[in-house]
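The values are calculated or read from the model by the stated rules, or taken from the named source; none is laboratory data. Owing to the predicted nature of the structure, the values given are computational and were not obtained by experimental measurement. Please note: Cβ atoms are built from the backbone with ideal geometry, for glycine as well, and neighbour counts cover all protein chains shown. When the accessible area is computed, the model is the full protein with side chains, heavy atoms only, and any ligands, DNA or RNA have been set aside. Shrake-Rupley method; radii C 1.70, N 1.55, O 1.52, S 1.80 Å.
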Amino acid sequence: MSSFAADAGPATAGGEADAAAAVTAAPAATAGGAAADAASATDAAAGAAAPAADGAEGKEEVKDTDQKVKELTSKDYYFDSYAHFGIHEEMLKDEVRTNSYMNAILQNGHKFKGKTVLDVGCGTGILSMFASKAGAKLVIGVDCSSIIEQAQEIIDANGFSDKVKLIRGKVEDLAKTGLTDLQGNPVEKVDIIISEWMGYFLLYESMLDTVIVARDRWLVKDGLILPDKCTL
């Protein structure tokens, strides 16, 4: 069995710093009591004006944030959810899932040898590395989530940077602009598409539509999709 080293990123300190602030107030005897009261009233008025100004700025910030949230689409939320390590850790620790993909790819090395492979929704790049290990000439991994930045580190750490090209973006957009290899040359067609497109009850993640877009745009005639069939 091949092993792959994955860097989970820097650890964070678990301790929390406690802060305590003591405020004491003591009345002071002054000769000019009336004058002191007037000064206090002026200070109080100035103090009240400052929060009012801060409140106005705060409302503007909230309005801007609300507008940005309205502009986000369900796809934005979807891709953002895959930027977190937790969901990828959960999938990688699913030994049945991960070993099934590994065995399906590595035990069919004769189908991958010398081929160009497209990994749709590559995540941490585990399937891309399996495909490269199986003998693929070039593997292009595509993911719209920022997890692809960590995937690049994992690819580099495992010695696949000369065979695996990672691209951040949506397949639907790349279908218009095109794919490129490690040298920046256009890639018109791929021989194999691999993708972990199945979610809960197979269809939850709605990635099948994206795989079909990739198939119609790049897959050669009689090319392979892995997996290409399932039973619900």
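So that you can scan it fast, the table gives a plain yes or no per residue for (1) buried (at least 19 other Cβ atoms within 10 Å of the Cβ); (2) assigned to a loop (DSSP other than H, G, I, E, B); (3) in contact (Cβ under 8 Å) with a residue 24 or more places away in the chain; (4) of a type in the set (A, V, I, L, M):
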position	(1), (2), (3), (4)
M129	yes, no, yes, yes
A136	yes, yes, yes, yes
G141	yes, no, yes, no
G159	no, yes, no, no
K165	yes, no, yes, no
D173	no, no, no, no
**Fill in**
Residues in the stretch 96-126 that are polar (S, T, N, Q) and part of a helix (DSSP H, G or I) total 4
**Cross-chain or 6+ apart pairs with Cβ under 7 Å, the stretch 211-232 first and under 11 Å from V171 (Cα atoms), then assigned to a helix (DSSP H, G or I)** = V213/V171; V213/E172; V213/A175; A214/V171; R217/A175
**Prompt:** Has the stretch 211-232 got at least one residue that is open to solvent by less than 30 Å² (accessible area, probe 1.4 Å), within 17 Å of the chain's Cα centre (by Cα) and of a type outside the set (F, W, Y)?
**Reply:** no
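Can you spot a residue in the stretch 216-232 that is assigned to a strand (DSSP E or B), closer than 26 Å to V96 by Cβ and modelled with pLDDT under 90?
Initial filter on the stretch 216-232 (assigned to a strand (DSSP E or B)): 219-226.
When the remaining residues are screened for being closer than 26 Å to V96 by Cβ, the result is 224-226.
Keeping just the survivors that are modelled with pLDDT under 90 gives none.
No, there is no match, as no residue in the stretch 216-232 is assigned to a strand (DSSP E or B), closer than 26 Å to V96 by Cβ and modelled with pLDDT under 90.
Just one of F201, F160 is farther than 23 Å from L106 by Cα and among the aromatic types (F, W, Y); which is it?
On the way: F160 fails: farther than 23 Å from L106 by Cα.
Exactly one of F201, F160 is farther than 23 Å from L106 by Cα and among the aromatic types (F, W, Y), namely F201.
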